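Structure first, commentary second.
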Amino acid sequence: MESEVVNRAVRVGDCRPHPKNYNQHAPEQIANLRVSLRRFGQVRSIVVQETETGYLLVAGHGIHRAAWLEGLDTLRADVIPAGWDEPRVLAYLAADNELARLGKPDEAQLAALVAEVKAKADAELATLAAGTEARLQKLLAQVADEPGDWVPVEQPEMYLIIIECETESRQVELLERFMREGLSCRALVS
């Protein structure tokens, strides 16, 4: 019996979710985790405990689900000792979730970071950095609203058109049409 955490590859199909995992993973989060696996690979290990029938997931339920949906065969795992009793395992499961929630993001700094990622890479990476497409848009709007709070990034040369609309509904109509046509556009109000 091992008394220390060891890292090894485990088969995705040999892992089962912990029945007391209370953290829920929305479909959008799983979709983003799948994109993350494709773009970055597995950067952090999941945490499991070996049992007689395979592995019990303790941390990393979302990434495990995404890996399974992506058809991955193995994941890198930190295997906690079989000697850890249930209260210790449950405490780790909760601590892993709850201690992460205690962090408070500096929204202005995050907004500048995702704007830089979008400018230097692509929107998919920027969406991953923001967490969701909606949050990305909110953060990018914040950067546009507060230029004094961020360091400007080098922008490629752009050619812009401003179309004046008499009503908001006309603006929305045109914006939706342009987006359907594949044009990169955004609404402005003056």
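Pairs please, first residue from segment 75-87 and at pLDDT 95 or above, second anywhere and among the hydrophobic types (A, V, I, L, M, F, W, C) and in a helix (DSSP H, G or I), Cβ atoms under 9 Å, 6+ apart in sequence or on different chains.
Every condition considered, the pairs that remain are 75/12; 75/63; 75/67; 80/89.
For segment 115-134, name all the residues that are of a type in the set (D, E, K, R) and part of a helix (DSSP H, G or I).
Listed by number, the residues that qualify are 116, 118, 120, 124, 133.
Here are some residues: 87, 81. Which one is more than 14 Å from residue 6 (Cα to Cα) and either assigned by TED's automatic domain parsing to the domain that holds residue 20 or more than 24 Å from the chain's Cα centre (by Cα) (or both)?
The match here is 87.
So which residues in segment 49-76 are in contact with a Phe, Trp or Tyr (Cβ under 7 Å, 6 or more places away or on another chain) and farther than 15 Å from residue 23 by Cα, if there are any at all?
Across segment 49-76, the qualifying residue is only 49.
Pick out the one residue from 14, 73 that is among the charged types (D, E, K, R) and under 25 Å from residue 125 (Cα atoms).
It is 73.
Could you pull out the residue among 60, 13, 41, 71 that is assigned by TED's automatic domain parsing to the domain that holds residue 95 and in contact (Cβ under 8 Å) with a residue 24 or more places away in the chain?
13
The values are calculated or read from the model by the stated rules, or taken from the named source; none is laboratory data. From a predicted model like this one, the values you see are computed outputs, not experimental measurements. Using ideal geometry, Cβ is built from the backbone for each residue, glycine included, and neighbour counts are taken over all protein chains shown.
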